[in-house]
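Contents: one structure, followed by commentary.
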Amino acid sequence: MLKSAVLKISKTFVLSSLYWVGFLLQAEAQPTQSTNKPNVLFIFADDQRADALGIAGNGYIQTPHIDRLAKTGVRFENAYVMGGTQAAICAPSRAMLMSGKSLFHVYDKLNGVYTMPMHFSKNGYETFGTGKWHNGGATFEASFMKGKNIMLAGMSSHYEVPCRDLGADGKLGKPTIKGFSTDIFAESAIEYLNDYASSDKQNPFFCYVAFTAPHDPRSPRDDYKTMYTPESMPLPGNFKALHPFEFDDLNIRDETLAPWPRTPEIIQESLADYYALISHMDHRIGDIIHTLKKNGLFDNTIIVYAADNGLAMGSHGLLGKQDMYEHSTKVPLIISGPHIPNDKISEALVYLYDLFPTLSDLCQLPATEGIDGKSLMPIMNEEELEVRKTLYTVYRGTARAIRNQSWKLIYYPERNFIQLFNLKSDPLEINNLAAIPEFADKKKELMELLTQAHQEYEDTAELHPAKILPLEYDYKKLKQNPDNLQPPYVLEKYFKGVNLDRVKKSNHQ
């Protein structure tokens with residue numbers, strides 16, 4: 001009992017200290033910033049594949065406002081999240097983004113970590129946040145000066161979002177249930193921008209808008225439910241009914257959103273709802289951009305559009321993001337704004353955590369010590385073509401991947417199994433070349449690069465475990481287990497045949 005009390009007091013002290021550190025950083029910054037610095041609008045999607053944009057060559061989805069951003073800026077075709085040591089990839093992804101640190105230097109925690117919004121507030125920016133914050137309430141309080149409708153969770157029903165506001169005391173209030181998520185967060189950003197425009201605009205702003213779309217539940221707003229018909233949705237080119245081997249827990253929550261084997265029909269339905277969530281978000285992003293223009297703020301605002309991770313959506317027999325395939329680790333990334341080239345596409349290998357030093361450079365802020373990200377400004381200025389030769393991604397202790405411009409190797413330590421793909425000729429990662437003698441040298445080369453990256457990134461996982469697990473599995477033992485965040489629309493559509501009485505009851509408590 002005494003030990004529990006001490007731990008509770010210690011936790012309270014740490015959280016309180018975090019708040020005061022953030023408060024002092026913000027207070028120190030207030031009077032110093034020139035107004036000729038560019039503003040920053042950072043828009044972050046949740047679980048969006050890189051190819052789920054019209055501008056990325058997807059002719060089946062409507063994203064005109066995001067596409068227009070890409071036409072007025074730089075789109076990075078090879079942007080990645082490094083991965084995670086847990087199934088909720090969004091938590092480490094956001095921690096890396098906000099800290100500029102690689103995975104094994106930050107994991108999913110931001111307690112006591114110097115963040116990107118802290119850096120901007122320290123250097124004269126007014127910082128505002130709305131939407132999903134999956135790294136603890138105290139770290140939001142320490143990072144942002146203003147905030148409205150913040151969701152401190154990994155997910156919720158889009159119709160029932162627990163939202164908190166940042167009070168004048170710098171503390172987040174109690175949650176209030178609101179809906180629809182996309183509209184809540186867009187309106188919060190619009191309200192902030194309107195208020196900022198009517199102020200003296202002494203300091204530039206850093207406005208962070210973290211949508212929870214298109215993360216499941218795949219339940220679009222009612223007027224978007226029929227925007228796309230399932231029959232019109234093409235299956236992914238690497239669609240499979242089942243993943244061909246077991247490499248981790250294939251019954252993880254994300255994978256239970258459809259039964260096994262996956263059928264074309266249910267993947268088409270999922271894609272129709274997924275695209276509807278994205279198109280709704282795109283429409284509201286258009287409203288936010290219109291607010292910038294209406295208030296005369298657009299021409300001096302850097303706009304970043306990105307997502308925390310991708311999603312399988314039927315590719316390789318998977319639904320979630322807990323794997324090393326391109327569809328799950330690659331994300332959209334667009335940077336648009338003053339002095340940034342128009343309609344430029346870069347093939348450079350970049351991480352999300354490169355955005356901290358990149359935005360610091362673009363806004364002419366002092367460099368930050370102790371971060372791992374690399375500024376992408378030389379690429380945007382056409383001084384360099386790349387900032388790194390290879391890119392390393394990980395999932396828990398079960399999968400590691402290394403890629404360069406043309407080749408990719410995925411290694412499953414617990415199975416001692418390798419996949420080798422030529423991404424130039426096989427971007428969908430269909431043809432595993434690892435067992436073909438002709439490619440033995442390439443496999444060896446990539447495996448050496450992976451081992452080197454394992455050391456350089458201070459990866460803590462064992463690359464050569466003593467116990468090797470089987471690749472074979474019985475899909476009939478996998479069970480659908482709907483969580484209580486899925487609304488009736490999703491339960492009735494994707495959990496047919498599952499006993500829903502208990503789940504439906506808990507949904508309405």
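Bear in mind these aren't lab numbers, they're just calculated from the coordinates by the rules spelled out. Only a predicted model underlies this, so the values are computations on that prediction, with no experimental measurement involved. Positions of Cβ are generated from backbone atoms using ideal geometry, with glycine treated the same way; all protein chains shown enter the neighbour counts.
Points to keep in mind about this one:
- For region 221-350: relative contact order, % (alpha-carbon pairs under 8 angstrom, 6 or more apart): 30
- Panel note: the C-alpha atoms of the chain, placed on their principal axes, show extents of 65, 60, 55 Å (largest first).
- When the charge dipole of the chain is built from unit charges on Cβ atoms (+1 for Lys and Arg, -1 for Asp and Glu) and taken about the Cα centre, the candidate among Y475, Y60, L423 whose Cα reaches farthest toward its positive end is Y475.
- In order through region 195-205: 3J(HN,Hα) via Karplus (6.51 cos²θ - 1.76 cosθ + 1.60), integer Hz, x for Gly, Pro: 5, 4, 5, 8, 8, 6, 6, 4, 10, x, 10
- Over 32 Å between alpha carbons, listed pairs K101/K443; K122/K148; K148/K294; K171/K493; K101/K408: K171/K493
- Part-to-part distance (alpha-carbon centres) for region 338-361 and region 466-490, which is given in Å: 37
- Rel. contact order, % - alpha carbon contacts under 8 angstrom, at least six apart, region 394-456: 25
- Computed from Cα positions, the angle between helix 440-456 and the longest principal axis of the chain comes to roughly 40 degrees.
- Between the helical axis of 264-294 and the longest alpha-carbon principal axis of the chain there is an angle of about 20 degrees.
- Sequence-distant residues sharing a close amide H with I150 (under 5 Å, placed H): G131, R164, D165
- Fraction of antiparallel bridges per DSSP, the chain only, in percent to nearest 5: 50
- Summary value for the chain: 21 percent relative contact order, contacts being C-alpha pairs under 8 angstrom separated by 6+ residues.
- Candidate cross-link partners of K71 among the lysines, defined by an alpha-carbon separation under 18 Å and a same-chain spacing of 8 or more, comprise K293, K344.
- Anisotropy class of region 269-314 from Cα gyration tensor, a/c 1.5 cut: oblate
- Amide H contacts for G73 (H built 1.01 Å from N in the peptide plane; partners 5 or more residues away or on another chain; cut-off under 5 Å): D343, K344.
- Folded to 0 to 90 degrees: helix 2-29 orientation relative to the chain principal axis, Cα: 60
- Region 125-206: GluC sites (Glu not before Pro) in DSSP coil with no more than 13 other Cβ atoms inside 10 Å: none
- Amide H contacts of F206: V40, E126, T127, F128, each under 5 Å away and 5 or more positions distant or on a separate chain (H built 1.01 Å from N in the peptide plane; Pro and chain starts excluded).
- Most positive-pole-ward Cα, P204, L152, V40, against dipole of region 19-386 from beta carbon charges: P204
- For the chain, the mean residue ellipticity at 222 nm estimated from helices alone is -9500 deg cm²/dmol, where every DSSP H run of n ≥ 4 contributes -39500 (n - 2.57) and the total is divided by all residues, rounded to the nearest 500.
- Part-to-part distance (alpha-carbon centres) for region 175-250 and region 368-435, which is given in Å: 27
- Computed from phi, the 3J(HN,Hα) profile of region 243-250 under the Karplus parametrisation 6.51, -1.76, 1.60 (θ = phi - 60°) reads 5, x, 7, 8, 10, 6, 6, 7 Hz, with x in place of Gly and Pro.
- Taking the Cα centre of the chain as reference, the dipole from Cβ charges on Lys and Arg (+1) and Asp and Glu (-1) amounts to some 1080 debye.
- Overall shape of region 394-456 was characterised from the C-alpha gyration tensor. The equivalent ellipsoid obtained from it has semi-axes of 18, 12, 12 Å, in decreasing order.
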